[in-house]
Structures are given as structure tokens and as C-alpha cells.
Amino acid sequence: MSLPLVCLNGEFVPVSAARVPVTDRAFLYGDGLFETLRVYQGLPFLWPWHLERLRQGARVLGLPDPAGQPLLGWVEELLERNRLTEAVVRLQISRGSGPRGYSPVGAGPVLWLVTAQPVPALTPHPAPGITLRTSTWRLSADDRLAACKSGNRLIHVLATAEAHAAGADEALLFNHRNEVAEAASANFFWIAADAILTPPDGSGALLGVTRRLVLELAATLGIETRQQTLAARQLDHVTAAFLTSSVQEVRSVRQIDGRSLARHALVDGLHRAYRDRVETECRPRRRARRRRE
């Protein structure tokens, strides 16, 4: 069986043959960006929104505009070469190699990497609820880097390890003001009085693409949504919650620190609406039309 391919700087090579220099700044300092997106039936879901966030991050870090590269073409060709229709794609951008030290002066050229991993196709029912463990690690509120998926995710790595060591599926992170910010790999929502609430911009959370879609779907369904601060001491009053991400979609939380939460009908309704959007935008006939063009 042949090894899966990756796309490194526009070249398609087996994963075992892909090489990144030891002087690469993403490796040394986390000096780069990444983006993770879901592929359904061979089509990248919400591609324009993912590219928009990637471009925003590039502006923050002072990297070349990703729109100047044929990223979508690389993604589509990688999927075709690896014969993947249901997958998770990761785009990685590094400032490239440079002299020793933090200064980016003289670094380059930029390194572009695209990888794809197979995942199961859509299932007819939402996945079981997951368990959260509140983390001892803290994010910074009003952090400019929170607006982009930078290559430095060490707090999220350590929070996840802490949660797994405690037997939980995922970590829930607070900011330095002791307010709920996000899960380690997803955005956090809770339900109160049939309204959907989520931490506000500036909480220290990455504003996810799926979070954006869920807020849009809720408005379409006539569900009230609010961005609201949730202090750590108020978390015990939350009776229903869910997470959103490109990989997890819309997923109920069944426990926080061992305390059971109810499964709310609003979450299942949002998940159905999410899957309906997927089916609308990622139909096989659209893929066939794109190839003819």
C-alpha cells in the first residue's frame, strides 16, 4: 500500500519524504499559521471563511497573503491523489528558515504545507456528548494573537494533556480574568432560558468558523443568541452546553468536572441545521461540475 501524499510548497510527495529544515521558524518558535477544515464528499466545507481567517492571521503576523497561492487547487489535488472524500485538511504556513534569534529579518522563503487525514463519513445521529475538565492553564483576554491560529498552541496542548490525565475528553479554558473562554480545540456555548450564549470577542478565544456558522443558523431558526461573559463561579449554574469546531461540528457536553449536564433539544436542532448546510453545499453533483470547469 502506497504512503499518503502531502503537498509541500506545491510539490506532492509521500509523507515519509517530506522534509522541513531544522532552521524553520515554525518549528523553532511557532512562527507561522495553520487552518483546519472539514471535507465532505470531496469538497472543502466553508472554504471562503477559512481562507478569510488565514488571510487575517497572515496580516497580523506580517506573512504573505495566502490568497496569492493556489491553496484550494492544492487541497483538491491532494484529496484526489489520496482518494479521499471524507477528510480533515490542515494548511500550515511557516515564515521559513532564517538566522538564529527571534528577529524575522532575513527569514524565508515562506513554507506552505497541506496535509489530509481520512475521517468517517456523516453518521445519521449526532455524536455522544463529551466530558470537559476545567484547566489550570489560563489564556490572555484581549490577546491580538487569539484572532488567528498561530503555530504556538502550547497552552492548548498542556490543557488537553491535563484533561486527558483526569479522564476527560476535552479541556475548558478560562482567561486571566477567570472567565470562560473556550475549549482547547473548540468554541464553547451554553443555553439559558432557550437562548444560546457564548463568550464574547476579546475573551481570549479563537473565533471559530463553525461558531460563526452556528450563530448564523441560530438566527435563521429564530433562536436568540448573545455574547456574554461567564465567570468561573457561574459555571456551576450552566445546565446545558455544547462545543463547535470544524472537526466536531456541533457536539453536546454531558459533563463538566464530573457534574452531569442535560442534553438540550436546541443543540440537536442546530446540529441538524448544520448537517443540512453540509448536504446543500457539498453535494457530489457540485464536485462534478467544478471538475468540468
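The values are calculated or read from the model by the stated rules, or taken from the named source; none is laboratory data. The shown structure was predicted, so the numbers you read here are calculated from the model rather than taken from an experiment. Using ideal geometry, Cβ is built from the backbone for each residue, glycine included, and neighbour counts are taken over all protein chains shown.
Got a sec? Which of L132, L111, L84, L79 is of a type in the set (A, V, I, L, M), out of contact with any Ser or Thr (no Cβ under 8 Å at 6 or more places or on another chain) and over 27 Å from Q234 (Cα atoms)?
Values: L132 fails: over 27 Å from Q234 (Cα atoms); L111 fails: out of contact with any Ser or Thr (no Cβ under 8 Å at 6 or more places or on another chain); L79 fails: out of contact with any Ser or Thr (no Cβ under 8 Å at 6 or more places or on another chain).
On inspection, the qualifying residue turns out to be L84.
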* Report, by residue number, each residue of region 217-240 that is within 22 Å of A127 (Cα to Cα) and assigned to a strand (DSSP E or B). => none
* Regarding L221, is this residue modelled with pLDDT of 95 or more and surrounded by 16 or more Cβ atoms within 10 Å (Cβ to Cβ)? -> no
* To do: Working carefully through the options L197, L243, find the one that is more than 21 Å from L37 (Cα to Cα), at pLDDT 95 or above and in a strand (DSSP E or B).
  => L197
* **Residue check, R254 over 19 Å from the mean Cα position of the chain (by Cα), over 27 Å from A163 (Cα atoms) and part of a strand (DSSP E or B)** => no
* Asked: When region 256-271 is examined, which residues are found to be closer than 26 Å to R38 by Cα and in contact (Cβ under 8 Å) with a residue 24 or more places away in the chain?
  -> R263, H264, L266, V267, D268, G269, L270, H271
* Residues of region 1-47 classified as assigned to a loop (DSSP other than H, G, I, E, B) and either in contact with a helix residue (DSSP H, G or I) (Cβ under 9 Å, 6 or more places away or on another chain) or in contact (Cβ under 8 Å) with a residue 40 or more places away in the chain (or both), total -> 15
* Structure fact -> Only one of (1) more than 22 Å from R144 (Cα to Cα); (2) of a type outside the set (D, E, K, R); (3) surrounded by fewer than 20 Cβ atoms within 10 Å (Cβ to Cβ) does not apply to I191, and that is (3)
